[in-house]
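Below you'll find the structure, written out as structure tokens, and then a few comments.
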Amino acid sequence: MNVSSAETWLHKINPSLKLFVLIVLCMVALFIKDLNYMINVTMGVLLLFLCFSGHPLNRILLLSIPFCFIFLSTSSAMILFGQGETLWFKWGLISITEESFMRGLLVGFRALLFAVLGLTFSLTTRPVNLFYSLMQQVKLKPKYAYSFMAALRLIPIMLEEFQTIRNAMRVRGVERKKGIRSLYFKMKAYSIPLLSGSIRRAHRIAVAMEAKRFSDTRNRTYYYEFGFSKNDHGFILYFVILLLAGLYLSVQFPYLSI
Amino acid sequence: MERIAFVEKLRLKFPGDESLIFKDLSVSFDKGEKVLLLGPSGCGKSTLLQVLSGLIPHSIEVPMKAKELESPSSWGYVFQDPDSQFCMPFADEEIAFVLENLSVPKQQMNERIHNHIRQVGLHLDDIHTSIDTLSGGMKQRLAIASVLALEPEVIFLDEPTAMLDPVGTKEIWDVLKEIGKDKTVIIVEHKIDHVLEFIERIVLFNDNGQIIADGPKDIILSLYKNKMKEHGIWFPGVWDEYIHDHAPIREQREFNDGGPIMQMQGFRGFRKKEEKIMVEELQIHSGEWIVIRGENGAGKSTLLHALMQFIKTNGYYELMGTSIKKVKNLTDNMTFVFQNPEFQFVANSVYEEIAYSLRIDKKPPQEIEERVHALLEVFHLTAHRDKHPFQLSMGQKRRLSVAASIVKEKKIILLDEPTFGQDSKNTFALLEWFEEYRKRGITVIMVTHDDHISKNFATRIWTVKDGKVISDEKISKQLAFLETEVLSL
Amino acid sequence: MRKGLKLTDILVTIVIAVAFGIVYILWGSIYYSVKPLGLHVDQLIYGMWFIAGPVAFLVMRKPGVALLAEIAAASGEFFLGSPWGLTVLLYGVVQGLFAELVFMAFRYKKFNMSVAVLAAIASCVGSVLMDFAYGEIGALSLWNLLLFMIARFIGSIFFAGVFAYYLVKVLEATGVTNLVRPVSSKDYAALDQK
Ligand SMILES: Nc1ncnc2c1ncn2[C@@H]1O[C@H](COP(=O)(O)OP(=O)(O)OP(=O)(O)O)[C@@H](O)[C@H]1O
Ligand SMILES: Nc1ncnc2c1ncn2[C@@H]1O[C@H](COP(=O)(O)OP(=O)(O)OP(=O)(O)O)[C@@H](O)[C@H]1O
Ligand SMILES: [Mg+2]
Ligand SMILES: [Mg+2]
């Protein structure tokens, strides 16, 4: 994301490591079946997100709105239509049971956890840094890394192009067509030039990169170099403690009995 | 002399095309030479440059073969389009990308980046500046800086200044002259004013991609002037001859249709909530030819966008007596040619592109055929009628975008740099077409960096600076450029 | 072909994918606005999220492209701050892999509608497997689960199969595909004319 923010210790963590830790955490979360434990872990991650992303609070709150949405929509489907023994409520096809309610909450919290982890990452990591680090630490081939960086640069250009195409269509009289068939026509009129234009531009940039002697050798030097630091240890430690403490608390002080 | 790049019996053809672009073309370049490739638009100059550098077929797959072909071992290439040659978001990162490719140690990078940026006269407060915020001219400088980072023996330049204002053009050529002193430089360029003093040899092409002359610049310019004229290639003094051969062009007829067709007062245009253009008071009448001038980034395009209501505007703006807020079908009365021709292509072939607006209006096929055919002829596109618009050369794309927008006669035509990248033949064809329209009472409003146009065709010149129209110069009939009346605002 | 994808191929694939990444994000809001309708109507449009792979492959016709495209689309979505976060990355890998396997099974030599549809179905299977691991849809009652699956399969076939195929057909007409596909030997032969 291209919004400015203060630098916090989360920004200083090695990007590959950060990504790796978050993905591992996601995998672990897939195996957490205990609602209490899930809630604890989610709270721990939320804390990280709210306090250390370095972005102003109002922006964070704005970005959090979709979270509630995700939580509600993910859990509601499960709650309303799930199977279970202990029936709480039944109306037509809808049946809420205790089991389905708990499972719904579990799924909802998991979706919330994933969303927060993802946003924390993208708010505290510059894509360019991530790809430089991936080349250095994970040995990602440069041709993939630089392609990604070039493509990300193209995103704002594509969005602007969309606006321009709209204007061009207006000049040429496309907007004046009416009816269902024109809807199809308009969709085609917008999407095809956008897509084919992007492909051509991508091709041109690739040619320009090769004209600048881009090669895929791995012994290239790097403008940004990434290593590991104390922050990285702290980061790993935070999650280890979170997972252990969360488990302990969920056993000792459960909020809900299942 | 040592040969540094050459090709012998080159044959090349684009997939799907019937005929070859080059048939047994041979040309060679010596070390240290400064050469200009000159030829009509669409003759294959850009393509040849790509072959010589090895981009074709190494990076761009195009069917070709040659008896012998040698590309230089170390070269740099400045492309025409300033927007699609960067792969990184920030200026320093872009040059660092080149240095990384050459395995320059990290410790040396910072200093070299600063050096190259200084060499091309790119004044940045911080080298870590987002490329998107640079103007067209600055982007081209950055492109040259990253070419310098390659420390090339040979530099290929494909119309590097096509999008730049006169000052920027001169500055870029000054930079290129300085850095190209001890290098081989091979140039494709239509605007030859600044190039001529730099080069020593000219290779002349005809429409079919054949070399019609190749030799020292003075000899070519004196012996082949007629050939150049015949093929519609720019040469020094082309404008003088044109003016001499054509009776005075400018004579504004009065149109008694009651008042101005456009009026503005305190009119402002906004981009991303920032005011980018302001007009204090202007009135436009039918049959005027207004040229808008100004530096890169001054706000010329933005002014046209505001007039077309592409961007948010406020203030007073009236079109043919109706306030703009009440005008429903603006595009029935006004048409617009975008600065970047590729933005406005909507059809899959050159022919359909021009026929497009007519088809929307359900004109009879007979009439469509006639109108399209006429335009194809005038703009020298007949041979390419079945191509996809994107497959055209730079100049051809530009012409097509103009043709497609003006095929339907509207009362007002707005054009954003309609003549860049054109040879002389096509430039004059375009200008004469506009003049024809103007005489019929159509208003032409045109952004251009070409002073010859403002001098010889305009009836009125606006100058835009820092987002404001700062002067409105009416050029009265006939002996126009002798008595100009400056109405400064 | 031995040496894998060239820079041009990779960059073009990723750009196609990122373009769809933007569509994916927009699609998310459509998906959520349909969701309250219930009865898994939302699943009918789920298939859109598989489209990048088939489109990229049909445009480029090279091995590895479908997988790369889905991963890139997911990462694009991820970087733009999709609320789905890391989930999309995991899903993207699996969906792309399944589509890639289909193209591989045809040795990357078939580019017709049937392969596109098969690839779409494969992606759909992949996503359903992921849903079992992640969303625990296995706990839904049977009639509900069946409805869910049928809706999703129909949607996938339509969006990622049929629609993708026709989209590429239209793109072909614009001539861009010539840029990225291998040149035919017929064109080389034509160089010897006259
Ligand atoms: N990808 C392509 N497919 C088919 N034809 C092409 C393609 N690219 C270029 N051409 C054709 O090849 C010819 C030469 O194009 P090229 O771009 O080399 O011209 P040019 O001499 O540089 O012209 P200009 O001065 O207008 O830039 C043109 O007629 C163009 O239509
Ligand atoms: N789409 C955009 N969004 C935001 N700012 C823009 C946009 N386009 C142009 N600008 C800014 O508006 C100002 C005027 O730009 P404009 O394109 O009108 O200049 P111009 O006079 O047409 O220059 P040129 O000769 O390079 O075409 C510049 O500062 C530019 O950075
Ligand atoms: Mg050219
Ligand atoms: Mg402009």
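Summary of computed values
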{"item": "Filtered residue count, the stretch B:137-180, keeping only those that are open to solvent by 10 Å² or more (accessible area, probe 1.4 Å), assigned to a helix (DSSP H, G or I) and farther than 21 Å from residue B:452 by Cβ", "result": "9"}
{"item": "Tally of residues being at pLDDT 90 or above and either of a type in the set (D, E, K, R) or farther than 30 Å from residue B:96 by Cα (or both) across the stretch A:216-229", "result": "1"}
{"item": "So residue B:390, is it within 16 Å of ligand 4 (Cβ to nearest atom) and either free of Cβ contacts under 8 Å to residues at least 60 places away in the same chain or closer than 30 Å to residue B:463 by Cβ (or both)", "result": "no"}
{"item": "Those residues of the stretch B:21-54 which are assigned to a loop (DSSP other than H, G, I, E, B), in contact (Cβ under 8 Å) with a residue 60 or more places away in the chain and not hydroxyl-bearing (Ser, Thr, Tyr), in sequence order", "result": "B:21, B:31, B:32, B:33, B:39, B:40, B:42, B:43, B:44"}
{"item": "Condition met for residue B:407 (more than 14 Å from chain C (Cβ to nearest Cβ), within 16 Å of ligand 4 (Cβ to nearest atom), touching a Lys or Arg at 6+ places or on another chain (Cβ under 7 Å) and more than 26 Å from residue B:206 (Cα to Cα))", "result": "no"}
{"item": "Conditions (1) within 16 Å of ligand 2 (Cβ to nearest atom); (2) open to solvent by 20 Å² or more (accessible area, probe 1.4 Å); (3) part of a loop (DSSP other than H, G, I, E, B): number failed by residue B:408", "result": "(1)"}
{"item": "Hits in the stretch B:453-471 - residues which are without any contact (Cβ under 8 Å) to a residue 40 or more places away in the chain and in a strand (DSSP E or B)", "result": "B:470, B:471"}
{"item": "Residue list for the stretch B:371-391, restricted to those being open to solvent by less than 20 Å² (accessible area, probe 1.4 Å) and more than 23 Å from the chain's Cα centre (by Cα)", "result": "B:372"}
{"item": "Among residues of the stretch B:121-135, those that are open to solvent by 40 Å² or more (accessible area, probe 1.4 Å), of a type outside the set (Ser, Thr, Tyr) and within 13 Å of chain A (Cβ to nearest Cβ), counted", "result": "2"}
{"item": "Top-ranked residue of the stretch B:10-22 - restricted to ones that are over 27 Å from the mean Cα position of the chain (by Cα) and at pLDDT 90 or above, ranked as farthest from ligand 3 (Cβ to nearest atom)", "result": "B:11"}
{"item": "Hey, residue B:358 in contact with a Lys or Arg (Cβ under 8 Å, 6 or more places away or on another chain), more than 16 Å from ligand 1 (Cβ to nearest atom) and more than 14 Å from chain C (Cβ to nearest Cβ) or not", "result": "yes"}
{"item": "Residue check for residue C:133: facing another protein chain (nearest Cβ under 7 Å), outside any loop (DSSP other than H, G, I, E, B) and open to solvent by less than 70 Å² (accessible area, probe 1.4 Å)", "result": "yes"}
{"item": "Residues of the stretch B:377-399 satisfying the condition of being under 21 Å from residue C:175 (Cα atoms), more than 14 Å from chain C (Cβ to nearest Cβ) and in a helix (DSSP H, G or I)", "result": "B:382, B:383, B:394, B:395, B:396, B:398, B:399"}
{"item": "Filter result (part of a helix (DSSP H, G or I), open to solvent by less than 60 Å² (accessible area, probe 1.4 Å) and within 12 Å of residue B:14 (Cβ to Cβ)) within the stretch C:172-194", "result": "C:179, C:187, C:190, C:191"}
{"item": "Helices (runs of 4 or more DSSP H) lying entirely in the stretch A:1-116 (those with 3 or more residues that are among the basic types (Lys, Arg))", "result": "none"}
{"item": "Qualifying positions in the stretch B:224-240 - assigned to a loop (DSSP other than H, G, I, E, B) and in contact with a Ser or Thr (Cβ under 6 Å, 6 or more places away or on another chain)", "result": "B:232, B:234"}
{"item": "Selection status of residue A:200, charged (D, E, K, R), more than 7 Å from every other protein chain (Cβ to nearest Cβ) and part of a helix (DSSP H, G or I)", "result": "no"}
{"item": "Enumeration of residues in the stretch B:1-20 that are part of a strand (DSSP E or B) and either within 13 Å of another protein chain (Cβ to nearest Cβ) or within 16 Å of ligand 2 (Cβ to nearest atom) (or both)", "result": "B:9, B:10, B:11, B:12"}
{"item": "For residue C:92: the one exception among (1) away from chain A (no Cβ under 12 Å); (2) at pLDDT 85 or above; (3) open to solvent by 20 Å² or more (accessible area, probe 1.4 Å)", "result": "(3)"}
{"item": "All positions within the stretch A:127-155 that are open to solvent by 20 Å² or more (accessible area, probe 1.4 Å), free of Cβ contacts under 8 Å to residues at least 12 places away in the same chain and more than 9 Å from chain C (Cβ to nearest Cβ)", "result": "A:140"}
{"item": "Subset of the stretch A:199-258 (residues that are open to solvent by 30 Å² or more (accessible area, probe 1.4 Å), polar (S, T, N, Q) and within 30 Å of residue A:46 (Cβ to Cβ))", "result": "A:229, A:231, A:252, A:257"}
{"item": "Checking residue B:85 against (1) modelled with pLDDT under 90; (2) touching a Ser or Thr at 6+ places or on another chain (Cβ under 8 Å); (3) not aromatic (Phe, Trp, Tyr), the condition it does not meet", "result": "(2)"}
{"item": "Condition met for residue B:38 (within 16 Å of ligand 3 (Cβ to nearest atom), under 30 Å from residue C:173 (Cβ atoms) and either open to solvent by less than 20 Å² (accessible area, probe 1.4 Å) or within 14 Å of chain C (Cβ to nearest Cβ) (or both))", "result": "no"}
{"item": "Residue list for the stretch B:181-223, restricted to those being among the β-branched types (Val, Ile, Thr), in a loop (DSSP other than H, G, I, E, B) and touching an Asp or Glu at 6+ places or on another chain (Cβ under 8 Å)", "result": "B:195"}
{"item": "Any hit, the stretch B:354-370, residues being assigned to a strand (DSSP E or B) and buried (at least 22 other Cβ atoms within 10 Å of the Cβ)", "result": "no"}
{"item": "Subset of the stretch B:55-86 that is part of a loop (DSSP other than H, G, I, E, B) and among the charged types (D, E, K, R) - its residue that is farthest from the chain's Cα centre (by Cα)", "result": "B:67"}
{"item": "Qualifying residue in the stretch A:108-125 (condition: open to solvent by 10 Å² or more (accessible area, probe 1.4 Å), modelled with pLDDT of 85 or more and more than 22 Å from the chain's Cα centre (by Cα))", "result": "no"}
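Residues are listed down the side, and each one gets a yes or a no for (1) touching a residue at least 40 places away in the same chain (Cβ under 8 Å); (2) in a helix (DSSP H, G or I); (3) of a type outside the set (S, T, N, Q):
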{"position": "C:22", "(1), (2), (3)": "yes, yes, yes"}
{"position": "C:63", "(1), (2), (3)": "yes, no, yes"}
{"position": "C:70", "(1), (2), (3)": "yes, yes, yes"}
{"position": "C:78", "(1), (2), (3)": "no, yes, yes"}
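The values are calculated or read from the model by the stated rules, or taken from the named source; none is laboratory data. From a predicted model like this one, the values you see are computed outputs, not experimental measurements. Glycine also receives a Cβ, built like all others from the backbone with ideal geometry; neighbour counts cover every protein chain displayed. Note: accessible area is taken over every heavy atom of the protein model, side chains too, but ligands, DNA and RNA are not part of it. Shrake-Rupley method; radii C 1.70, N 1.55, O 1.52, S 1.80 Å.
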